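Everything on this sheet refers to the single structure shown next.
The values are calculated or read from the model by the stated rules, or taken from the named source; none is laboratory data. Since the model is a prediction, treat every value here as computed from it, not as a measurement. Here the Cβ positions follow ideal geometry from the backbone for every residue, glycine too, while neighbour counts run over all protein chains shown.
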Amino acid sequence: MDFIDEVKQFSVKIQEIKGQIQTEEATKHSLILPFIQLLGYNIFNPNEVIPEFTADIGIKKGEKVDYNRR
């Protein structure tokens with residue numbers, strides 16, 4: 001299956017489960033992490049995906065983003 005087909009299949013899955021997702025953590029586990037994996041990243045490898053990354057940009061210091069890639 002090529003990438004476009006995988007994205008389409010993932011889109012269908014999102015439509016099926018989106019009404020059942022009730023928390024931020026459930027969103028991460030059900031949607032965000034599978035999508036990052038779909039993009040080809042190993043979500044279990046801290047050299048590829050960094051959860052709770054501190055993103056110091058401009059005047060914002062110590063702000064966290066949910067995920068960052070290396």
Under 7 Å between Cβ atoms, which residue pairs at least 6 apart in sequence (or on different chains) link something in the stretch 37-59 that is small (G, A, S) with a partner that is in a loop (DSSP other than H, G, I, E, B)?
A55/E63
How many residues does the stretch 9-48 hold that are farther than 17 Å from D66 by Cα and surrounded by fewer than 11 Cβ atoms within 10 Å (Cβ to Cβ)?
8
Within the stretch 30-70, residues at pLDDT 85 or above, under 11 Å from the mean Cα position of the chain (by Cα) and farther than 24 Å from D5 by Cβ come out as I50, P51, N68
Condition (residue is in contact with a Ser or Thr (Cβ under 9 Å, 6 or more places away or on another chain) and outside any strand (DSSP E or B)) applied to the stretch 31-49: is it met by at least one residue?
no
